[in-house]
Amino acid sequence: MIWLIDLLLLLFLIVCALEATRNKDLLSVVIIFSSYSLVMAIIWQQLNAPDIAITEAAVGAGITTMLFVAAISKTSRWEE
Amino acid sequence: MLPESVFVAVGIILATTSFFCLYRAVKGPSAPDRLVAVNVIGTKTLVILVLFAFIYGRTLYIDVAIVYALINFLSTLTISKYLEKGRVTG
């Protein structure tokens, strides 16, 4: 029954990706993209790549979000 | 010692309920709503990681969960500071 957890998490990823392209508020996009990275770490672990999962958790969820928010604070929050 | 199916059932329930948090993250009218929703999603995924480590019996997966827990609060902290002050540095 572990495949059911994987299926739910992959559906979660699809919804996150679609919403990240659709939203006009860039801060919301960054927050949703952060949750995408969080769930992607579990998928890497399920694909037998725990080292990539560690990197995804550190870089994808932490550093990338910080850099994106820094970029938003220097430019504009709303997409034109 | 509980049977393995109990842990799988807990994982399924956690993965299902994270969709409600995703609904709040997508629909939430203000940015703090989305922020708290993503924080809850992070905690749920942390528990799912530890459950997988227990189901497969591999201690390497615990390391992933530790790094995950260390990094998880950083993005929340950065976005909170941006919402309060309008800038990240300084």
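Tell me which residues, restricted to the range A:62-76, are loosely packed, with under 15 Cβ neighbours inside 10 Å and either farther than 10 Å from B:ARG87 by Cβ or touching a residue at least 40 places away in the same chain (Cβ under 8 Å) (or both).
Selection gives A:ILE63, A:LEU67, A:ALA71, A:THR75, A:SER76.
Somewhere in the range B:72-79, is a residue more than 10 Å from chain A (Cβ to nearest Cβ), free of Cβ contacts under 8 Å to residues at least 60 places away in the same chain and surrounded by 13 or more Cβ atoms within 10 Å (Cβ to Cβ)?
The answer is no; no qualifying residue exists.
If you take the residues in the range B:51-67 that are facing chain A (nearest Cβ under 8 Å) and touching a residue at least 24 places away in the same chain (Cβ under 8 Å), which one is farthest from B:LEU22 (Cα to Cα)?
In this case the residue turns out to be B:ILE55.
Restricting to the range B:33-50, what's the tally of residues that are closer than 15 Å to A:LEU38 by Cβ and more than 7 Å from every other protein chain (Cβ to nearest Cβ)?
Of the residues in the range B:33-50, 9 are closer than 15 Å to A:LEU38 by Cβ and more than 7 Å from every other protein chain (Cβ to nearest Cβ).
Suppose we filter the range A:1-58 for residues that are facing another protein chain (nearest Cβ under 7 Å), among the aliphatic types (A, V, I, L, M) and part of a helix (DSSP H, G or I); how many remain?
Going through the range A:1-58 one residue at a time, the tally reaches 17.
Since B:SER30 meets every condition but one in (1) at the interface with chain A (Cβ under 8 Å from one of its Cβ atoms); (2) free of Cβ contacts under 8 Å to residues at least 12 places away in the same chain, which condition does it not meet?
(1)
Quick one: which of A:GLU56, A:GLU79 is within 22 Å of A:TRP3 (Cβ to Cβ) and at pLDDT below 90?
Numbers: A:GLU79 fails: within 22 Å of A:TRP3 (Cβ to Cβ).
It is A:GLU56.
The values are calculated or read from the model by the stated rules, or taken from the named source; none is laboratory data. Quantities reported herein were computed from a predicted structural model and do not represent experimental measurements. Positions of Cβ are generated from backbone atoms using ideal geometry, with glycine treated the same way; all protein chains shown enter the neighbour counts.
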